[in-house]
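Structure first, then comments.
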Amino acid sequence: MTDAIHPFARLEPARVVAAVESLGFWLPGEPFALNSYENRVYLVHDDERRRWVVKFYRPQRWSDAQIQEEHDFLAELDEAGVTVAAPWRDAAGTSLHCHDDFRFSLFPHLPGQAPELENPEHLFALGEVIGAIHAVGERRPFEHRRTLAPREMAEEAAETVLASRWLSDRQRRAYGRIGESLVEALVARDWPTRRLRAQGDCHLGNMLGRDEHFALVDFDDCLMAPAVQDLWMLLTAEDEGERQMQLSEVIEGYEQHRDFDRGELSLVEPLRALRLLRHSAWLVARWEDPAFPVAFPWLADAGYWDAHIRELEQQRQALDDATRWLA
């Protein structure tokens, strides 16, 4: 596949404007591309000076039913008073729109900055908003979205990397060994059967706010998962004192809305390992998208894969410390 025929290569500014204006808006200015790779996301403003984020979904990734569940969950959260960017709906109640073969949605722009994970007040506020999301998320299950499946996801990621052209024979053998070891370690964990609707991708780029008020954005990866799925990326400290501070603030904020099962903290490092595996596989799988070689040129560098294998080996050792994040 070449850049010229990739679907997103057709998303020039005029087509973005035409899509939004097909909904009855008028845009006096050009769209501004935001930092997004899985989908294409633009900031626009209309003639009433309202700011919107327009999101064009990657073709053939999610079904319409899966996207609609994301939208309906956001609407449910918004109705419950949780600060999220619920998608705009037209007079017929439609939130998922189509223009020129592109599926897209329009979201109100939420201003703010990323939190500071060494700031106790920020951690408390993040725990609180995630707890509020989960209090709604546990009311009913998703019917169409994915459920967190560690073995399936880890094996799929490892197979994607091993089938790629980037690794040398030596790297392929080393990656195969550590990948198999990580899969075995993940499967051996006691994963809770209880799942709830979760945001699914709670990294710093998806958390915005000011002072002690934060919101989660981009529910594109929402799924059924244990509660800790939305908390573990807040737990980054290496020092024991800072670890306990992060834990206490996040959990105290979270429990303003619902109880948290401390036993799920044993999954922090397994979830970190799963994300490491899946991130490199995601880069490999998306390489034909013209945005990826530009943004991630180091993927083709042998040094990246050596460093990645070492990182996976270190993470495998971290899995043996079962008490690292226990409160």
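The values are calculated or read from the model by the stated rules, or taken from the named source; none is laboratory data. Here the structure is a predicted model, which means the values were calculated and not measured. So basically every Cβ, Gly included, is an ideal-geometry build from the backbone, and we count neighbours across all protein chains shown.
Looking at Asp289, is it exposed (fewer than 15 other Cβ atoms within 10 Å of the Cβ), part of a loop (DSSP other than H, G, I, E, B) and not polar (S, T, N, Q)? It would help to see each step written out before you state the result.
Numbers: exposed (fewer than 15 other Cβ atoms within 10 Å of the Cβ): no; part of a loop (DSSP other than H, G, I, E, B): yes; not polar (S, T, N, Q): yes.
Against the criterion (exposed (fewer than 15 other Cβ atoms within 10 Å of the Cβ), part of a loop (DSSP other than H, G, I, E, B) and not polar (S, T, N, Q)), Asp289 does not qualify.
Just need a number here: residues in region 214-255 that are of a type outside the set (A, V, I, L, M, F, W, C) and within 11 Å of Leu123 (Cβ to Cβ). Selection size over region 214-255: 8.
Between Glu21, Glu70, Glu30, Glu12, the distinction of being under 24 Å from Arg146 (Cβ atoms), outside the structural domain of Pro297 (by TED's automatic domain parsing) and not aliphatic (A, V, I, L, M) belongs to Glu70 only. Which one of Glu252, Glu240, Glu184 is in contact (Cβ under 8 Å) with a residue 40 or more places away in the chain, surrounded by fewer than 20 Cβ atoms within 10 Å (Cβ to Cβ) and more than 18 Å from His279 (Cβ to Cβ)? One residue alone meets the criteria, Glu252. Candidates are the residues of region 46-63 that are in contact with a strand residue (DSSP E or B) (Cβ under 8 Å, 6 or more places away or on another chain) and either among the aliphatic types (A, V, I, L, M) or over 20 Å from Ser36 (Cβ atoms) (or both); the one that is surrounded by the fewest Cβ atoms within 10 Å (Cβ to Cβ) is Arg50. Note on region 258-271: residues that are within 15 Å of Ala225 (Cα to Cα) and either crowded, with 18+ Cβ neighbours inside 10 Å or in contact with an Asp or Glu (Cβ under 9 Å, 6 or more places away or on another chain) (or both) total 9. Within region 195-214, if we keep just the residues that are over 22 Å from Gln66 (Cα atoms) and within 15 Å of the chain's Cα centre (by Cα), the residue that is surrounded by the fewest Cβ atoms within 10 Å (Cβ to Cβ) turns out to be Gly205.
Restricting the search to region 230-252, which residues are over 22 Å from Leu110 (Cβ atoms) and in contact with a helix residue (DSSP H, G or I) (Cβ under 8 Å, 6 or more places away or on another chain)? Outline the logic, then answer.
In the first step, residues of region 230-252 are kept if they are over 22 Å from Leu110 (Cβ atoms); the result is 232, 235-249, 251-252.
Result: Trp232, Leu235, Thr236, Ala237, Met245, Gln246, Leu247, Glu249, Ile251, Glu252.
Residue check: Ala85 meets all listed conditions (1) within 24 Å of Arg140 (Cβ to Cβ); (2) surrounded by fewer than 18 Cβ atoms within 10 Å (Cβ to Cβ); (3) under 19 Å from the mean Cα position of the chain (by Cα) but one, namely (2). Taken across region 220-228, residues that are outside the structural domain of Asp72 (by TED's automatic domain parsing) and more than 29 Å from Leu162 (Cβ to Cβ) do occur, with at least one present. One residue is enough: does region 37-47 have a residue meeting the conditions in the same structural domain as His97 (by TED's automatic domain parsing), assigned to a loop (DSSP other than H, G, I, E, B) and on the phi > 0 side of the Ramachandran plot? No, every residue in region 37-47 fails to be in the same structural domain as His97 (by TED's automatic domain parsing), assigned to a loop (DSSP other than H, G, I, E, B) and on the phi > 0 side of the Ramachandran plot.
Would you mind finding the one in Val161, Val84 that is hydrophobic (A, V, I, L, M, F, W, C) and under 25 Å from Pro31 (Cα atoms)? Before you say what the answer is, go through the steps one by one.
Working: Val161 fails: under 25 Å from Pro31 (Cα atoms).
When all the criteria are applied, what remains is Val84.
Restricting region 280-327 to residues that are among the hydroxyl-bearing types (Ser, Thr, Tyr) and under 24 Å from the mean Cα position of the chain (by Cα), the residue that is farthest from Leu231 (Cα to Cα) is Tyr304. Checking Val228 against (1) surrounded by fewer than 22 Cβ atoms within 10 Å (Cβ to Cβ); (2) aliphatic (A, V, I, L, M); (3) free of Cβ contacts under 8 Å to residues at least 60 places away in the same chain, which single condition isn't satisfied? Only one criterion is unmet by Val228, namely (1).
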